[in-house]
1. Residue 136: touching a strand residue (DSSP E or B) at 6+ places or on another chain (Cβ under 8 Å), open to solvent by 30 Å² or more (accessible area, probe 1.4 Å) and closer than 24 Å to residue 86 by Cα, yes or no?
2. Check off (1) modelled with pLDDT under 95; (2) touching a strand residue (DSSP E or B) at 6+ places or on another chain (Cβ under 7 Å); (3) of a type outside the set (Asp, Glu); (4) open to solvent by less than 30 Å² (accessible area, probe 1.4 Å) for residue 238 and give me the number that stays unchecked.
3. Would you call residue 83 under 21 Å from residue 113 (Cβ atoms), among the hydroxyl-bearing types (Ser, Thr, Tyr), modelled with pLDDT of 90 or more and surrounded by 14 or more Cβ atoms within 10 Å (Cβ to Cβ)?
4. Does any residue of segment 218-226 turn out to be modelled with pLDDT of 95 or more and surrounded by fewer than 16 Cβ atoms within 10 Å (Cβ to Cβ)?
5. Can you name the residue in segment 1-25 that is among the aromatic types (Phe, Trp, Tyr) and touching a Lys or Arg at 6+ places or on another chain (Cβ under 8 Å) and, of all such residues, is surrounded by the fewest Cβ atoms within 10 Å (Cβ to Cβ)?
6. Say we look at segment 42-78 and pick out the residues that are of a type outside the set (Gly, Ala, Ser) and in contact with a Pro (Cβ under 8 Å, 6 or more places away or on another chain); which of these is surrounded by the most Cβ atoms within 10 Å (Cβ to Cβ)?
7. I'd like to check which strands (runs of 3 or more DSSP E) are fully inside segment 165-260 and have at least 1 residues that are within 27 Å of residue 101 (Cα to Cα).
Amino acid sequence: MEIADIIRKDADRLFIIDRECYIIYTGTSLEDERPFIRIGNTLDLPTEIVPLIENIVITDLVVGNPAFEQFNIDIKSLSENRYIGSRGIVTKFLNYQKTFGLDLTNARIVDVEKDIPYLSREKELSARDAFIGIFYTDGNFRINYNKACILDLKEELTRAFGDNRILSAVSAAAKSSTLYSGAGVVVAGSDPFFYQNRYFTCYHFPKQCALEFATLGIDPARIGEVVHPSSNFIHLTGLVRWKHAEKGKVTLFTSHQEQS
């Protein structure tokens, strides 16, 4: 088999694993080492492709779920990966992995603000042969090949009804509701949500939060605090990521310490 049997046109270099995980093939032959770029992540990334990925792009949009990164890397070969993005976002992303017992402080970081020349209102990622990755100041990310766009991240996300869009739709539907204008408690899944004047403090967090919120009419924008004694935050990550995208805030109480 030749690579031309698989990559017949430039668009074939883009593999959409799901709507929050994109893989770009940058190679020219079956013998190329680590020829893939990954943007985002997924629970369903084939393990066979993990050792073939060199560059991992972390955008300001935080595509993918930070809690899933542990399933997308081989911690024994961290030095062979490069995390690329704004240092502040990448550092927060890697530090968050400590929640799951992963110490990624030795991971290589390429800071697009300092390590790569600034281009107008765009920042170039790298060029491997004819590939150019560009970070935009509005959070978008594109990969061009032979001057044609292979991936426009915002365009792809607009087509997808991912977790962030689902939570936004649930929030919009519940925004004008007066259902929780008093004070009391409502149970989402098996987790209690204490409310007063339509603002919520919850204890633990439900796995299927969007479904539970839609069913109960809970506006996720009005969740202000989460009391979470467990060290497993995987269910909470979706809300935190959505809050980040919406410029919102949630305060997490765990192990008698407050983190925001």
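The values are calculated or read from the model by the stated rules, or taken from the named source; none is laboratory data. Please read all numbers here as calculations on a predicted model, not as lab measurements. Note: ideal-geometry Cβ built from the backbone for every residue, glycine included; neighbour counts use all protein chains shown. Ligands, DNA and RNA are excluded from the accessible area calculation, which covers all protein heavy atoms including side chains. Shrake-Rupley method; radii C 1.70, N 1.55, O 1.52, S 1.80 Å.
1. So residue 136 passes the test.
2. Residue 238 satisfies all of (1) modelled with pLDDT under 95; (2) touching a strand residue (DSSP E or B) at 6+ places or on another chain (Cβ under 7 Å); (3) of a type outside the set (Asp, Glu); (4) open to solvent by less than 30 Å² (accessible area, probe 1.4 Å) except (2).
3. yes
4. Checked against the condition, which is being modelled with pLDDT of 95 or more and surrounded by fewer than 16 Cβ atoms within 10 Å (Cβ to Cβ), segment 218-226 yields at least one hit.
5. 25
6. Only one residue fits best here, namely 54.
7. Filter on segment 165-260 gives 191-196, 199-203, 223-227, 251-254, 257-259.
Per-residue answers, yes or no, for (1) free of Cβ contacts under 8 Å to residues at least 24 places away in the same chain; (2) among the basic types (Lys, Arg):
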site	(1), (2)
11	no, no
18	no, no
27	no, no
34	no, yes
47	yes, no
54	no, no
